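Single-structure report; data block below.
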Amino acid sequence: MAAALGAGSGSAGPPGLPNSVPGHVALPAVAVWEWQDEFGRWRPYRGSVCSFIEQALQAPAQKGRRSGPGLASSSIPLGQADAMLAPYVIDIPSLVQFRQDTGTMRSVRRHLFAQDSAAGQGIVWEWQNDEGGWSPYEMKICVFLEQAFTHGLQHVDLSSLGYNYDIDFVSLVQANKTSRFRRGIQRRMDTPYPVTPASGPLHMAVACSCQQCLLNSGTGPVTTRYRHSMINLPSSSAVPQVSSRTAALSSSGLGFVPYNKPTLSGARSTPRLNTQSAWALPQSVGAGGPSPGLSASNGVSVQNLPVEMPKPSKVNQALAVTPSEPEQVVRKYLEELRGAPADEDCMICMEKLASPSGYSDACEGKTIKPEAVGQLTKCQHAFHLLCVLAMYANGNQDGSLQCPSCKTIYGEKTGTQPKGKMEVSTFTQSLPGHQDCGTIQIVYSISRGIQGPEHPNPGMPYTARGFPRYCYLPDNEKGRKVLDLLRVAWKRRLIFTVGTSSTTGESNTVVWNEIHHKTEMDTNLSGHGYPDPNYLDNVLAELAAQGVTEACLRQ
């Protein structure tokens, strides 16, 4: 009879197995960094990328540079570890990943696991997605599955980790316990995750009580069911609380910035993430104590790390401006400083403002000199003008700028959504939680096509899976306001984009662009339906992060 693992165990691993890690240890551990996709799933970075992140956190000050004040330089460019991750930067103080070319932001986290766990051995368990590719489980699941597999169990239940799945090791299948839908799984060897001193309790597979999990409700992953309903973040008196990924808008204080950037607050990407996590992140320790760096609110000592952007793309046409206008856009929103600049670093190239731009070898301006420094007119943050030009040329070139420091938007942000159709209708049936009104139905239709110059791979085909897509709002005052703002976002090409699906792993396909929609009416088991009392406030926050606010309706 096949051995089975139930969900009721309170141990650190499958029943009958020895706990591989005690609650508190002084032995070395391995560090695993993960990012959260739009469905609330945590996706581990590869071991080589995690090693780079750990090394960046522990490295001595680069070339003797001292750390400047504030949190501006606490960014880790992932493109140095993996060329495929070139657009991405991790902001350590806010624990967010920021995509420089689109402004997309996602939460990141760091967990410690025992050195003899799956993470320490470089073992990754994966499930087969709809396109036939393989997607990794979050590392907590990998550790749990490896424990069960190595001890000869034939079946395990993932309920205790927050997932409604049974795993069959004999047939290598994952089965949904409700629908009985089955997917293949596989066990793969990869680069082991980096060793780091364990300064606290290690993360366990099941019923973990480490501080990392207690800070995140301690019951496993943030599942899709709750991704629009979490309200455990710092509140703002001016705006509603939102999810751990979209968080509350604010124009002051420590900002946030998945796909996030340093000290991000302000208009374009202002969802605030929880910066109160007391995760034990590494610090460089030597004879003189921790190496010089930035001391963020979460206790991380971080070095000044330059944000490396690739050279300007070959985009030869913009959505709202012509290729000859980038310097005009820069000068429109920045005022060139005539006197000596402040004794601080340029946040983009990490060179002193008094020194020439670090992008002088990658970007050449017709009217902008490498040593020119400018100040944004609203937020007053200063940068090399050539650095801002390089940043603009590497992005969407839509005539708008976003402050790399506070995320304030200058101009009207537009996106890269392919051509399509948005249709709206209403009917009398009510949505759960909104019994006092009817329902608004939105139908989005986009067909496959060829990528334009604003897309990741101009000239290549892109697919459009799952269209038409049906979405629902309550037909009340707030629902109608959301609808009006979604119409603005649609006209600005912000609802969808062309990229890589975090669900299937397919590249060059039409994907949602960080403005979440409800695609189910009668249930919220998947996180895509109703009831969800926080959804309307959350989507308003997500729209505001894209520069779409009530002010747009008055224009």
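The values are calculated or read from the model by the stated rules, or taken from the named source; none is laboratory data. Keep in mind it's a predicted model, so treat the numbers as computed, not measured. Cβ placement follows ideal geometry from the backbone for every residue including glycine, while neighbour counts extend to all protein chains displayed. Heavy atoms of the whole protein, side chains included, go into the accessibility calculation; ligands, DNA and RNA do not. Shrake-Rupley method; radii C 1.70, N 1.55, O 1.52, S 1.80 Å.
Inside segment 514-541, can you point out the residues that are open to solvent by 10 Å² or more (accessible area, probe 1.4 Å), among the aliphatic types (A, V, I, L, M) and either assigned to a loop (DSSP other than H, G, I, E, B) or within 21 Å of residue 164 (Cα to Cα) (or both)?
If the condition is that a residue be open to solvent by 10 Å² or more (accessible area, probe 1.4 Å), among the aliphatic types (A, V, I, L, M) and either assigned to a loop (DSSP other than H, G, I, E, B) or within 21 Å of residue 164 (Cα to Cα) (or both), then 521, 525 are the ones that fit.
Looking at segment 492-524 only, could you name the residues that are among the charged types (D, E, K, R) and more than 19 Å from residue 395 (Cα to Cα)? Please lay out each step first, then the result.
Here is the first cut: in segment 492-524, the ones among the charged types (D, E, K, R) are 492-493, 506, 514, 518, 520, 522.
Correct list: 506, 518, 520, 522.
Being open to solvent by less than 30 Å² (accessible area, probe 1.4 Å), within 15 Å of the chain's Cα centre (by Cα) and not β-branched (Val, Ile, Thr) is the filter here, so list the residues in segment 495-513 that pass it.
Listed by number, the residues that qualify are 499, 501, 502, 513.
Just name the residue that is most open to solvent (accessible area, probe 1.4 Å) out of those in segment 455-477 that are polar (S, T, N, Q) and more than 23 Å from residue 426 (Cβ to Cβ).
Going residue by residue through segment 455-477, those that are polar (S, T, N, Q) are 457, 463, 476.
Then keep just the ones that are more than 23 Å from residue 426 (Cβ to Cβ); that gives 457, 463.
Working: 457: 59, 463: 37 Å².
Within segment 455-477, the match that is most open to solvent (accessible area, probe 1.4 Å) is 457.
For segment 444-483, what are the residues that are within 18 Å of residue 550 (Cα to Cα) and in contact with an Asp or Glu (Cβ under 8 Å, 6 or more places away or on another chain)?
Of everything in segment 444-483, those that are within 18 Å of residue 550 (Cα to Cα) and in contact with an Asp or Glu (Cβ under 8 Å, 6 or more places away or on another chain) turn out to be 476, 481.
For residue 147, only one of the following conditions fails: (1) more than 18 Å from residue 50 (Cα to Cα); (2) open to solvent by less than 10 Å² (accessible area, probe 1.4 Å). What is its number?
For residue 147, the failing item is (2).
For segment 152-193, which positions are among the aromatic types (Phe, Trp, Tyr) and under 28 Å from the mean Cα position of the chain (by Cα)? I'd like the intermediate steps shown before the answer.
Of the residues in segment 152-193, the ones among the aromatic types (Phe, Trp, Tyr) are 163, 165, 169, 181, 193.
Those that are among the aromatic types (Phe, Trp, Tyr) and under 28 Å from the mean Cα position of the chain (by Cα): 163, 165, 193.
If we keep just the residues of segment 355-408 that are on the phi > 0 side of the Ramachandran plot and either touching an Asp or Glu at 6+ places or on another chain (Cβ under 9 Å) or of a type in the set (Asp, Glu) (or both), which is surrounded by the most Cβ atoms within 10 Å (Cβ to Cβ)? Quick ask: steps written out before the conclusion?
Taking segment 355-408 first, the residues on the phi > 0 side of the Ramachandran plot are 380, 397, 399, 407.
If we keep only those that are either touching an Asp or Glu at 6+ places or on another chain (Cβ under 9 Å) or of a type in the set (Asp, Glu) (or both) as well, we get 397, 399.
On the way: 397: 25, 399: 22.
The extreme case among them is 397.
Name the single residue that is least open to solvent (accessible area, probe 1.4 Å) among those in segment 414-437 being among the small types (Gly, Ala, Ser) and closer than 30 Å to residue 100 by Cβ.
Looking at residues that are among the small types (Gly, Ala, Ser) and closer than 30 Å to residue 100 by Cβ, I get 415.
Can you pull out every residue in segment 453-467 that is of a type outside the set (Lys, Arg) and either touching a Pro at 6+ places or on another chain (Cβ under 6 Å) or within 30 Å of residue 520 (Cα to Cα) (or both)?
Looking only at segment 453-467, we keep the residues that are of a type outside the set (Lys, Arg), and these are 453-464, 466-467.
Correct list: 455, 461, 462, 463, 464, 466, 467.
From the set of residues in segment 458-493 that are in a loop (DSSP other than H, G, I, E, B) and touching a Ser or Thr at 6+ places or on another chain (Cβ under 7 Å), which is nearest to residue 538 (Cα to Cα)? Break it down stepwise before answering.
First, pick out the residues of segment 458-493 that are in a loop (DSSP other than H, G, I, E, B): 458-460, 464-468, 475-476, 492-493.
Imposing the further condition that a residue be touching a Ser or Thr at 6+ places or on another chain (Cβ under 7 Å) reduces the set to 464-465, 467-468, 475, 492-493.
Values: 464: 26, 465: 25, 467: 24, 468: 24, 475: 17, 492: 20, 493: 20 Å.
Going through the qualifying residues, I end up with 475.
One line per residue, one yes/no per condition, for (1) open to solvent by less than 10 Å² (accessible area, probe 1.4 Å); (2) over 21 Å from residue 75 (Cα atoms); (3) modelled with pLDDT of 90 or more:
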{"position": "298", "(1), (2), (3)": "no, no, no"}
{"position": "321", "(1), (2), (3)": "no, yes, no"}
{"position": "339", "(1), (2), (3)": "no, yes, no"}
{"position": "353", "(1), (2), (3)": "yes, no, yes"}
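Of the numbered conditions (1) open to solvent by 40 Å² or more (accessible area, probe 1.4 Å); (2) under 27 Å from residue 518 (Cβ atoms); (3) at pLDDT below 90, residue 411 fails exactly one; give the number of that condition.
Among (1) open to solvent by 40 Å² or more (accessible area, probe 1.4 Å); (2) under 27 Å from residue 518 (Cβ atoms); (3) at pLDDT below 90, residue 411 violates only (2).
Filter segment 494-532 for residues that are closer than 14 Å to residue 542 by Cα and not aliphatic (A, V, I, L, M) and give the result.
Kept after step one, since they are closer than 14 Å to residue 542 by Cα, are these residues of segment 494-532: 494-496, 512-518.
Passing the criteria: 496, 512, 513, 514, 516, 517, 518.
Considering only residues of segment 165-198 that are touching a His at 6+ places or on another chain (Cβ under 8 Å) and open to solvent by less than 40 Å² (accessible area, probe 1.4 Å), which is nearest to residue 127 (Cα to Cα)?
So, considering only residues that are touching a His at 6+ places or on another chain (Cβ under 8 Å) and open to solvent by less than 40 Å² (accessible area, probe 1.4 Å), the one nearest to residue 127 (Cα to Cα) is 167.
If we scan segment 64-78, do we find a residue that is in contact with a Phe, Trp or Tyr (Cβ under 7 Å, 6 or more places away or on another chain), at pLDDT 70 or above and open to solvent by less than 40 Å² (accessible area, probe 1.4 Å)?
Going through segment 64-78, the residues in contact with a Phe, Trp or Tyr (Cβ under 7 Å, 6 or more places away or on another chain) turn out to be 78.
Applying the additional criterion that residues be at pLDDT 70 or above yields 78.
Next cut, open to solvent by less than 40 Å² (accessible area, probe 1.4 Å) only: 78.
Yes, that holds for at least one residue.
May I ask you to list the residues in segment 96-140 that are open to solvent by less than 10 Å² (accessible area, probe 1.4 Å), over 30 Å from residue 176 (Cβ atoms) and not in a strand (DSSP E or B)?
Residue satisfying the conditions is 103 alone.
Return the only residue of 544, 551, 489 being open to solvent by 10 Å² or more (accessible area, probe 1.4 Å) and under 22 Å from the mean Cα position of the chain (by Cα). Write out each step before concluding.
Details: 551 fails: under 22 Å from the mean Cα position of the chain (by Cα); 489 fails: open to solvent by 10 Å² or more (accessible area, probe 1.4 Å).
Just a single option satisfies the conditions, and that option is 544.
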